[in-house]
Amino acid sequence: MILAAPQTWQMALGFGLFVGIWYLTSAVLKLPRFEKIPDPLGVLIEWLSWNPIYGLSIFTPDYYKHIGYSIYRAFTAFVLAVALGVPLGLFMGWSPLFRRFTFPLVELIRPIPPLAWVPFAILLLPGTEWAVIFVTFIAAFFAMVLNSLLGARSIDPVYFRAAQCLGFRPWDVFIHVVVPGALPFVFTGLQLAMGLSWFALVAGEMIAGRYGLGFMIFEGYSLAQYRNIIIGMGTLGLLGYASSAGVRMLGRRMMIWRERQLGGGAE
Amino acid sequence: MLQGSPRSETGGALSIRSVGKVYDPGGDHVVALEQFSLEIPSGQFCAVVGPSGCGKTTLLNMLAGFESPTSGEIVMDDEILAGAGKRLAPGADRMVVFQQGALFPWKTVLWNVTCGPVLQGRLSPDRAEADARAMLARVGLEGIEHQYPGELSAGMLRRVEIVRALLIEPKILLLDEPFRALDALTKSVMHECLLELYDLTRKTVFFVTHDLEEAIFLADRVVAMTARPGRIKKMIKVDLPRPRDYRIVSSERFGQLKREAVDAIYDEAKKAFEAGEREFA
């Protein structure tokens with residue numbers, strides 16, 4: 001029984017303590033600096049209300065508009081980052097010549113924080129929409145490049161030797177050795193990139209968005225609709241969790257050979 | 001014993017002509033091999049034994065095309081494979097069975113053993129699969145085609161790897177201490193399995209090992225090498241009849257051959273051991 005499992009109760013206790021302390025500090029004790037923090041009960045009522053005071057709840061279309069925009073941006077940026085970053089990284093890892101051309105450049109551009117790209121992105125791209133996506137993309141892109149590169153370099157050289165002996169052409173080597181061999185690292189990159197996408201997205205939306213959860217949080221702050229800040233944060237937490245779970249599921253499907261090796265994929 | 005018809009003459013005569021190999025890491029002049037010459041006729045099973053560091057793996061790497069010699073040349077069927085400082089890229093005509101195993105863990109057994117001929121376009125996937133199933137069955141591996149290497153035991157992996165090597169029909173098979181990590185029982189099963197496949201295909205085999213008994217049991221000729229720099233200490237022709245099975249190990253002739261080989265190699269092993277002691281002192 002899942003309810004009887006100690007993990008379930010321990011988890012519930014953790015949640016309960018967190019919400020309890022939050023409720024105590026913000027609603028009962030009203031500690032200094034905590035008086036402006038919305039209490040959990042008020043937030044929950046607002047979130048689930050048919051007729052929310054500040055106009056955002058699970059029954060208002062605007063709430064879903066914010067969510068929709070954020071998901072669309074994060075997903076577009078993430079897919080672009082994977083589609084461009086993985087081949088680039090794998091190729092850098094595989095070909096020393098290509099690596100010598102590109103690696104120093106990548107290492108120089110990579111440390112630039114995503115937010116520093118905002119003005120550049122607004123100048124370069126038409127409209128703020130693509131600027132936000134670009135900033136999100138940048139964050140995820142370098143995580144993908146670097147992890148794919150490490151993945152390709154982590155492959156035991158004996159597999160390349162075996163491929164040569166078996167008469168593989170370079171393209172066969174790339175498809176059948178480099179790509180699957182680097183997959184465990186690429187998968188780590190996917191998880192990292194997913195998190196970084198949300199991270200950069202919200203920051204980008206606060207600065208340049210007209211919709212989206214980042215915008216929603218910042219507007220909640222500007223207009224003193226503090227409950228909306230917490231609703232936005234909670235929504236981000238749920239979306240982030242769901243997207244990470246999705247990536248993990250994808251990873252398990254991609255690497256059946258590893259699952260079986262480790263003994264049936266038990267957690 | 002299974003009797004297969006030997007395939008048509010495929011060449012694979014190997015000629016190693018005064019090959020030398022010098023490594024120079026950071027200015028240290030390490031002579032791995034010196035003036036090494038050896039002729040291996042087509043279809044012969046040749047085992048090379050020697051103490052660790054005698055250059056036997058270096059020699060195999062040069063035959064495979066992973067490294068080039070510093071001097072001398074290596075010729076296979078009138079084609080120069082390698083000369084001083086240059087070499088042909090490795091290819092399917094010289095298949096290596098690696099010491100640590102090199103089946104692709106992310107591919108099924110079937111893909112692993114059929115990829116060579118299929119990717120080269122030499123066989124259709126169906127034909128390659130039929131061949132693979134037949135040869136896997138010969139070595140007692142039926143019904144594992146769709147498993148991944150990580151699911152198999154060490155002994156099964158080695159058999160799959162040898163099957164893969166033979167299915168690409170190389171001219172010469174290069175084995176680099178392939179049974180080193182196996183327990184004694186698995187090892188002797190593997191020996192019979194390898195001999196069966198050898199009797200079936202009669203490829204030229206170049207087998208590197210440090211295990212004397214293994215070398216004598218398997219080979220037509222045993223080449224005992226000196227400690228570094230590697231040179232030929234003694235050649236022993238193994239005139240034991242084929243097909244062989246494990247009972248031959250207790251025969252009188254086997255004992256004689258072994259004594260002969262031990263006498264040749266003992267001094268060298270001792271030298272290598274003492275040199276090693278000095279290196280670490």
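The values are calculated or read from the model by the stated rules, or taken from the named source; none is laboratory data. Since the model is a prediction, treat every value here as computed from it, not as a measurement. All Cβ positions, glycine included, derive from the backbone under ideal geometry; neighbour counts span all protein chains shown.
Just a few scattered comments:
- Note on the range B:52-81: among residues that are without any contact (Cβ under 8 Å) to a residue 24 or more places away in the chain and assigned to a strand (DSSP E or B), the one that is nearest to residue B:274 (Cα to Cα) is B:81.
- Flag if residue B:142 is in contact with a helix residue (DSSP H, G or I) (Cβ under 7 Å, 6 or more places away or on another chain) and surrounded by fewer than 21 Cβ atoms within 10 Å (Cβ to Cβ): yes
- Listed conditions (1) over 28 Å from residue B:182 (Cα atoms); (2) assigned to a strand (DSSP E or B) are all met by residue B:95, apart from (1).
- Among residues of the range A:220-267, those that are in a loop (DSSP other than H, G, I, E, B) and either more than 14 Å from chain B (Cβ to nearest Cβ) or at pLDDT 85 or above (or both), counted: 5
- Each residue in the range B:108-127 was checked for being more than 7 Å from chain A (Cβ to nearest Cβ), closer than 21 Å to residue A:158 by Cβ and either acidic (Asp, Glu) or in a loop (DSSP other than H, G, I, E, B) (or both), and 1 of them qualify.
- Scanning the range A:122-159 for residues that are of a type in the set (D, E, K, R) and in a helix (DSSP H, G or I) gives A:129, A:153.
- In the range A:92-115, the residues that are surrounded by fewer than 17 Cβ atoms within 10 Å (Cβ to Cβ) form no Cβ pair under 6 Å with any partner that is in a loop (DSSP other than H, G, I, E, B), whether six or more places apart or across chains.
- Test: residue in the range B:166-181 that is away from chain A (no Cβ under 14 Å), in contact with a Phe, Trp or Tyr (Cβ under 7 Å, 6 or more places away or on another chain), closer than 25 Å to residue A:167 by Cβ and not aromatic (Phe, Trp, Tyr): no
- Flag if residue B:185 is more than 23 Å from residue B:56 (Cβ to Cβ), surrounded by fewer than 17 Cβ atoms within 10 Å (Cβ to Cβ) and either modelled with pLDDT under 90 or within 14 Å of chain A (Cβ to nearest Cβ) (or both): yes
- Looking across the range B:75-93 at every residue that is out of contact with any Phe, Trp or Tyr (no Cβ under 8 Å at 6 or more places or on another chain) and at the interface with another protein chain (Cβ under 7 Å from one of its Cβ atoms), the one that is surrounded by the most Cβ atoms within 10 Å (Cβ to Cβ) is identified as B:92.
- In the range B:1-19, residue modelled with the lowest pLDDT [restricted to those that are surrounded by fewer than 19 Cβ atoms within 10 Å (Cβ to Cβ) and either part of a strand (DSSP E or B) or charged (D, E, K, R) (or both)]: B:7
- Filter result for residue B:141 (assigned to a loop (DSSP other than H, G, I, E, B), under 22 Å from residue A:173 (Cβ atoms) and either aliphatic (A, V, I, L, M) or within 14 Å of chain A (Cβ to nearest Cβ) (or both)): no
- Scope the range A:165-188; condition more than 21 Å from residue A:254 (Cβ to Cβ) and either more than 7 Å from every other protein chain (Cβ to nearest Cβ) or in contact with a strand residue (DSSP E or B) (Cβ under 9 Å, 6 or more places away or on another chain) (or both); matching residues: A:165, A:166, A:169, A:170
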